[in-house]
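Nothing in this text is a laboratory measurement; each read-out follows from the coordinates by a stated rule. Remember, it's a predicted structure, so these values are computed and weren't measured experimentally. Cβ placement follows ideal geometry from the backbone for every residue including glycine, while neighbour counts extend to all protein chains displayed.
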């Protein structure tokens, strides 16, 4: 395990060099992130299908328990139980529109992970950086438990547990636990835990910051120790069940899956679950007594338990829906936590937008009316008054708006349209509108993915490292 | 006329000072008193120096610092959030509107001023930084960039390792204005006054 230790030391040094200007010492974080003894216990796996490119390169890396799809390169990195999904990368010949520019894509885009340490992290979507369109880089970056790197090239960054960076290029930044950042491009920023920031320069700026004292119950992270709180308890509760899924060669889910739907072989599905047409259930998603209406989806690390989703519901990466009833066309953003109770179901009305990283923990019966925007921490009726607003009303904001801990500047209409456009795109990409032959998406393409596994060295100096491998058709 | 810093500075003995531990109200009184005793300039003093037990300057309290203190009794998490919004790309207009609404709405000026008056100056003063010092024999031309690039309203003047005075932006500007006047009069062939305007009031 000598080489693995050497690699870890190198990653610590790289992180400290990059984050020195914001006085961040990554040493205790990285040393205690995952014991090296865990690194040789799990195989890595990758998908092959006719619908996705196959161009994988692994060099001097540990890939324990991680999944790869599409065009990816991993070098001098530790990628632990992460999902690197290259099924939305740009293809040669595509045209990328940015402001007044239309930029041709000259070669297939690839995800490039170098000198980085990712733990239980999702990497997905494509680079939105107009300066780096064919290269979705993750370099000198540390990403901790259940973070999402979504369409966000990162260089020299630290992502706390359950943090999400979305459609943003980041350089030398610290993103606190459970923070969500979608801001185009940022550098040398330290974002406090529980910060929700969505900015489109010149159009709108949405900012919400959790009260740390209320957030700690859900996620608490102290440098040098493992994250704790309800989020971790829920996320890790099915660890053994998932391990069974990974250990077995043949998996048959205990539910009927229509021809137009897809339930990933690495998803965990329990009885009482119903899968309708055009449903997409991604790897590491967990469904138990879940009714998935037509076109609904559950992305990576989503848990849907004792709940009913009426149809065309987006449950973005990492969202949890427990004991809840969701109307049609409800969008639940990244890592949101919707927690009803068995005797008092949480109800989310049709067409609602639940902002990324929203916590709705129904201590009393709660219902969000149809067509509302919801954000932040909602635990009772008083929070519904300060943390929700009819979408139509929000769209009428022309200059600025503030309510409770939310601060918004710019055009409400631009904000709402941006979200609605994105939700539509997600549903299309996931194949929610498929009629059997047209509008195919992930739900249809993912049905025929085959999986191969990769193993690390099991002893000697190279123990824990995976051999250098290039995989192409 | 060529000036050096000590030609233009206000001696420390004429400047408003308070000890560490003084209240904001005591600081404002000290400023008023210093102004009454200091009549050589039409420009008002705009800051109070905060001194430690050894009579060393440890901070400055400017008029802006005093305004910043108003409403500090509601300096809660909400206000702290608002004050960081500039880092996140919000406009100054938005931030000031939010702060006015959350901090001052529905309160009289008297009410807003009441609590901060009893608070300690250390909470609001700005600690001195290395770029705020200048030697008393420095020429005016040399010190101008220090004002421009440091965006200072005043500098602490040193002599023999002691603070001997304060060089105010207003006095530097008066000297510059005087030099401009001289140039203009010479070009027009007219006689000029011989003192910077800061010394004539």
Legend entry - Fewest-first ranking of A:45, B:177, A:407, A:68, using other Cβ atoms within 10 Å as the exposure measure: B:177, A:45, A:407, A:68
Legend entry - In range of the label at residue B:137: residues from the stretch B:1-17 whose backbone nitrogen is under 20 Å from the point 7 Å along Cα→Cβ: B:2-12
Legend entry - log10 of Debye I(q)/I(0), alpha-carbon scatterers only, for chain B at 0.08, 0.09, 0.14, 0.18 Å⁻¹: -0.35, -0.44, -0.93, -1.22
Legend entry - Global form of the stretch A:394-433, assessed from the alpha-carbon gyration tensor, a/c cut-off 1.5: prolate
Inset, instruction - Give me the distance in nm between label points sitting 7 Å out from Cα along the Cα-to-Cβ direction at residue A:344 and residue A:51, one decimal. - result: 4.2 nm
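So in chain B, what percent of DSSP beta bridges are antiparallel if you round to the nearest 5?
75 percent
If R0 is 22 Å, what FRET efficiency do you get for residue B:149 and residue A:22 from their C-beta distance, rounded to 0.05?
On the way: r = 24 Å, r/R0 = 1.09.
Computed FRET efficiency for residue B:149 and residue A:22: 0.35.
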Legend entry - Cα principal axis extents for the stretch A:85-197, largest first, Å: 39, 26, 19
Legend entry - Relative contact order (%) - criterion: Cα under 8 Å, at least six apart; region: chain B: 29 percent
Inset, instruction - With springs connecting C-alpha atoms under 10 Å apart, model chain B as a Gaussian network and identify which of B:165, B:131, B:59 has the largest mean-square fluctuation. - result: B:131
Inset, instruction - Using only C-alpha positions, report the orientation-averaged shadow area of the convex hull of the protein assembly as shown, nm², one decimal. - result: 37.6 nm²
Legend entry - Value of relative contact order over the stretch A:243-446, rounded to a whole percent, pairs C-alpha under 8 Å and six or more apart: 13 percent
Legend entry - Separation of alpha-carbon centers, the stretch A:87-113 and the stretch A:443-459, rounded to whole Å: 26 Å
Inset, instruction - Between residue B:186 and residue A:413, take the C-beta separation as r, use R0 = 56 Å, and let me know the FRET efficiency to the nearest 0.05. - result: 0.35
Legend entry - Mean ellipticity per residue at 222 nm, deg cm²/dmol - from DSSP H runs of n ≥ 4 across chain A, formula -39500 (n - 2.57): -4500 deg cm²/dmol
Inset, instruction - Pull up the DSSP beta bridges for the protein assembly as shown and report the antiparallel fraction as a percent, rounded to 5. - result: 35 percent
Legend entry - Whole-number D in µm²/s for the stretch A:124-250 (Stokes-Einstein; Kirkwood sum over Cα pairs; 4 °C, 1.567 mPa s): 83 µm²/s
Inset, instruction - Provide the percentage of antiparallel DSSP beta bridges, counting only those with both residues in the stretch A:243-446; round to the nearest 5. - result: 15 percent
Legend entry - Estimated distance in nm for a label pair at residue A:213 and residue A:250, the labels positioned 7 Å out from Cα along Cα-to-Cβ: 5.8 nm
Legend entry - Per-bin percent of Cα-Cα distances, the stretch B:13-128 [10 Å]: 13, 37, 31, 16, 2
Inset, instruction - Please report how far the C-alpha centroid of the stretch A:307-355 lies from that of the stretch A:128-200, rounded to the nearest whole angstrom. - result: 25 Å
Legend entry - Rounded, prolate or oblate (a/c below 1.5 giving rounded, otherwise prolate when a/b exceeds b/c) for the stretch A:339-378 by Cα gyration tensor: oblate
Inset, instruction - Over the alpha-carbon set of the stretch A:243-446, work out the extent along each principal axis and list the three values in angstrom, largest first. - result: 55, 39, 24
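Please arrange A:438, A:238, A:154 by counting, for each residue, the other beta carbons lying within 10 Å of its beta carbon, fewest first.
Listing A:438, A:238, A:154 from fewest to most nearby Cβ atoms yields A:438, A:238, A:154.
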Inset, instruction - Take every Cα pair under 8 Å in the stretch A:364-473 that's 6+ residues apart, average their separations, divide by the length, and report that relative contact order as a whole percent. - result: 12 percent
Legend entry - Likely footprinting exposure, A:91, A:270, A:100, A:120, fewest C-beta neighbours within 10 Å first: A:100, A:91, A:270, A:120
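Checking the a/c ratio against 1.5 first, then a/b against b/c, what shape does the Cα gyration tensor give for the stretch A:1-149?
oblate
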